[in-house]
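These notes concern the structure reproduced below.
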Amino acid sequence: MQIVILKNSAEVAEYGANIFIKQLQEKANSVLGLATGSTPVALYQKLIEATQAGAISFKDVTTFNLDEYLGLAGTHPQSYRYFMNEQLFDHVDIDKSHTHVPPGDAADPVAACEGYEQQISDAGGIDIQLLGIGRNGHIGFNEPSSGLMSRTRVKTLTKATIDDNARFFAADEYQPHLSITMGIGTILDAKKVVLLATGENKADAILATVEGALTASCPASALQLHRDAVLVIDEAAASKLSDCEFYKHIENENQKLQAQLAKL
């Protein structure tokens, strides 16, 4: 894994956005895997600004989101489809028929999961997958105990995840306890993975992901197996790593190497 430690959340968003901007500049018809939650919002704003400035276009892009609450239609304000429309799709030149979010209102969720896997395959696979991480190490809605080679499926949310997400729901509003999520195996199939994490409350999860054992107890630890996984984190999220200065040194040397290779 490539570990990039930056000062704050603003730098994390900018660094992550630049990875996606470069991807779209090099491959206009990229297939992007996208994520919801508070962490990616600043990154999406950077992509909107780049689109409006003419630096990139989403015209030929296809997207697949990680997950969706089971039981919520895409028109529901708390659905992830609604979130993506508001935070990105409504503000860029993307064809919404090319944007895919697991159908939370599917009559047959199991069949919908199989269909989602097929859609990803038919699109040629995901070029670059954006991830956040939960306090318990979950990626997508792959909670602890998730199979490390799991595929898109219906998943029960843990109490910790339900509690973390409760702030998005009114006190008297229905909050789903089930989801449809890409599996860990599905995520690992992406050609490149970019995980963003900010804040001290993510420090334990980052420690387990980077320096812990490969285990279903920390689903994000599966990224240790990926050939091109980049973790972009702020100093607070990195605070429990054994030697932050060493990780910074590695990244600095990697940047020097990339600069040299670019001159060849």
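What follows draws every value from the coordinates through simple rules; no lab data is involved. Just so it is clear, the structure is predicted and the values come from calculations on it, not from any experiment. For neighbour counting, all protein chains shown are included, and Cβ atoms are generated from backbone atoms with ideal geometry for every residue, glycine included.
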Q. In the range 191-226, which residues are over 25 Å from ASN65 (Cβ atoms) and not aliphatic (A, V, I, L, M)?
A. GLU200, ASP204, GLU211, GLY212, THR215, SER217
Q. Among the residues of the range 198-251 satisfying the criterion of being in a loop (DSSP other than H, G, I, E, B), acidic (Asp, Glu) and more than 18 Å from the chain's Cα centre (by Cα), which is surrounded by the fewest Cβ atoms within 10 Å (Cβ to Cβ)?
A. ASP243
Q.
Among the residues of the range 79-121, what is the count of those that are under 13 Å from THR36 (Cα atoms) and surrounded by fewer than 17 Cβ atoms within 10 Å (Cβ to Cβ)?
A. 1
Q) Of all residues in the range 48-70, how many are part of a loop (DSSP other than H, G, I, E, B) and surrounded by fewer than 17 Cβ atoms within 10 Å (Cβ to Cβ)? A) 6
